[in-house]
Amino acid sequence: MPMNANNIDLSVSIPLYNEEDNVRSVIKELYDVLKNTGLKYEIIAVNNGSYDNTGKILNKLKRKYKNIKIVSIKKNLGYSYGINQGLKKSNGRIIGFMDGDSQVKSNVIPLLYKELENNKDIQLIKVKRVRRMDGFNRLFQSRIYNKLFAVLFGIDSIDINGKPKLMKREFYDKINIISRDWFIDAEIMLNLKKHNYKFAEIAVQSDKRNKGESKVKLSATLQFLKNMLKYKLGFFYRK
């Protein structure tokens, strides 16, 4: 545990890869939400190998807003890798991550935090997107993925990849995240099951992405399927 972890209630990490059109609004929205909570918090903005103006914008935002920490990754090594680098730099008693595309509003985070803080029986809380403004192909792929995940691993959730996700530090400190591609959400949920921990969910609406371009392609779905099979067959953690 970081030496100053007890001084911070909540750390939220945001992976940003070529999000120059979204980064200002995402950071401002989260900052405006958290500053009114009375919590001691930090925002971990991860510039995950962006080659647009995301990095320059983040540097300006750091001078404008308090409690922002920037983690810069020169080369994008994967979505999960970027998130985990942010989590490793997080000092909060409760830590978590959200996407940088503004599809799920950050005003849900105080609700997630309150429920996790008050519920001693759970180690993680997340959103489940019950209404999604995504295209047909992505919705279809997501539905198949979640059903297959439930069949293979017996984890009852219609939205394994739903974010924001918040977790208690003692849980994060017990696990060793190795995902680099798109499997971090699933890996975390599988670790919950492995350690016999419970989780909770809050239903939200996921809006349409208005700016920037989605990074989730068909290749991401294929990576999900590949990693699920590797995990099921016991090869996931082998070097």
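The values are calculated or read from the model by the stated rules, or taken from the named source; none is laboratory data. None of the values given here were measured: they were computed from a predicted structure. No Cβ is skipped: glycine too gets one built from the backbone with ideal geometry, and neighbour counts run over all protein chains shown. Remember, those area values only see protein heavy atoms, side chains included, never the ligands or the DNA or RNA. Shrake-Rupley method; radii C 1.70, N 1.55, O 1.52, S 1.80 Å.
Below, the figures for the structure above:
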item: Pick from segment 172-186, criterion over 12 Å from the mean Cα position of the chain (by Cα) and crowded, with 19+ Cβ neighbours inside 10 Å, ranking: farthest from residue 124 (Cα to Cα); result: 179
item: Those residues of segment 18-57 which are buried (at least 21 other Cβ atoms within 10 Å of the Cβ), touching a helix residue (DSSP H, G or I) at 6+ places or on another chain (Cβ under 8 Å) and not in a helix (DSSP H, G or I), in sequence order; result: 19, 41, 43, 44, 45, 46, 47, 48
item: Flag for residue 189 being assigned to a strand (DSSP E or B), open to solvent by less than 10 Å² (accessible area, probe 1.4 Å), out of contact with any Pro (no Cβ under 7 Å at 6 or more places or on another chain) and modelled with pLDDT of 95 or more; result: no
item: Residue that is nearest to residue 17 (Cα to Cα) [pool: residues in segment 192-220 that are modelled with pLDDT under 75 and part of a helix (DSSP H, G or I)]; result: 220
item: Residue in segment 42-51 that is at pLDDT 95 or above and more than 20 Å from residue 89 (Cα to Cα) present; result: yes
